[in-house]
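Here's the structure we're looking at; comments come further down.
Please treat every number below as a calculation from the coordinates, not as lab data. Worth saying up front: this structure is predicted, and the values here are computed from it rather than measured. Here the Cβ is made from the backbone with ideal geometry for all residues, glycine too, and neighbour counts use every protein chain on show.
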Amino acid sequence: MSAQSGKDMLLRLDETGLGSFLTVAGLRTKALNFNAASIDVTDAQSVGRWRELLSGGGIKRASLSGAGVFKDKISDAKIRQMFFDGEIKNWQMIIPDFGTVEGAFQIVSLEFSADHAGEVTFDIALESAGELSFMVI
């Protein structure tokens, strides 16, 4: 697999809940993280006193994040209102030559910042709120 352009990694929102995804414009950086908590089942009988983990146990979660500039007042207002309302919506992360991860996420962090000589930027973080699906591109 050859290197991929970062601009092709997209964060998309299903604004209406009907499966019509819109790209969150203005994002300059994007990231997707998967995590799974382990369950330690080590006891006095564990061979060689090595830690033992429960296969398939633990809580799985995913985090999406991005940073960039808002492109217009409408997208700014939608994202901000979703955060304050604590809405859970379907989101997609498209990763070139990998696939699409889709599922319910909630915005858990929204930060605005600016440099005196620059534009206003924002950072957004989302946490999974249910089972995710993966589709190969």
- If the chain between D76 and S46 were fully stretched, how many nm would it gain, using 0.36 nm times the residue separation less the Cα-Cα distance? 5.4 nm
- For N33 and K60, compute 0.36 nm times the residue count separating them, minus their Cα-Cα distance, and round to one decimal in nm. 8.6 nm
- Message: Counting other C-beta atoms within 10 Å, and keeping those with at most 16, which DSSP coil chymotrypsin sites (Phe, Trp or Tyr not before Pro) do you find in the range 12-60?
- Response: W50
- Query: If contacts are Cα pairs under 8 angstrom and at least 6 residues apart, what is the relative contact order of the chain in percent?
  - Reply: 25 percent
- Scoring only Lys, Arg, Asp and Glu (+1, +1, -1, -1) among other residues with Cβ under 9 Å from the Cβ of L13 yields +1
- Task: Take every Cα pair under 8 Å in the range 1-42 that's 6+ residues apart, average their separations, divide by the length, and report that relative contact order as a whole percent.
- Result: 29 percent
- Among the lysines, select those whose C-alpha is under 27 Å from the C-alpha of K60, and discard any that sit fewer than 8 residues away in the same chain. K30, K89
- Task: Identify the trypsin sites (Lys or Arg not before Pro) of the range 45-137 meeting these criteria: DSSP loop state and at most 16 other C-beta atoms within 10 Å of the C-beta.
- Result: R51, K71
- Query: What list of ³J(HN,Hα) values in whole Hz, one per residue of the range 20-27 in order, does the Karplus curve 6.51 cos²θ - 1.76 cosθ + 1.60 (θ = phi - 60°) give from phi, with Gly and Pro shown as x?
  - Reply: 9, 8, 10, 6, 6, 6, x, 6
- Message: Charges at C-beta only: +1 for Lys and Arg, -1 for Asp and Glu. How large is the resulting dipole of the range 6-135 about its Cα centre, in Debye rounded to 20?
- Response: 120 debye
- Message: So if I take the centroid of the Cα atoms in the range 43-95 and the same for the range 121-137, what is the distance between those two points in Å?
- Response: 6 Å
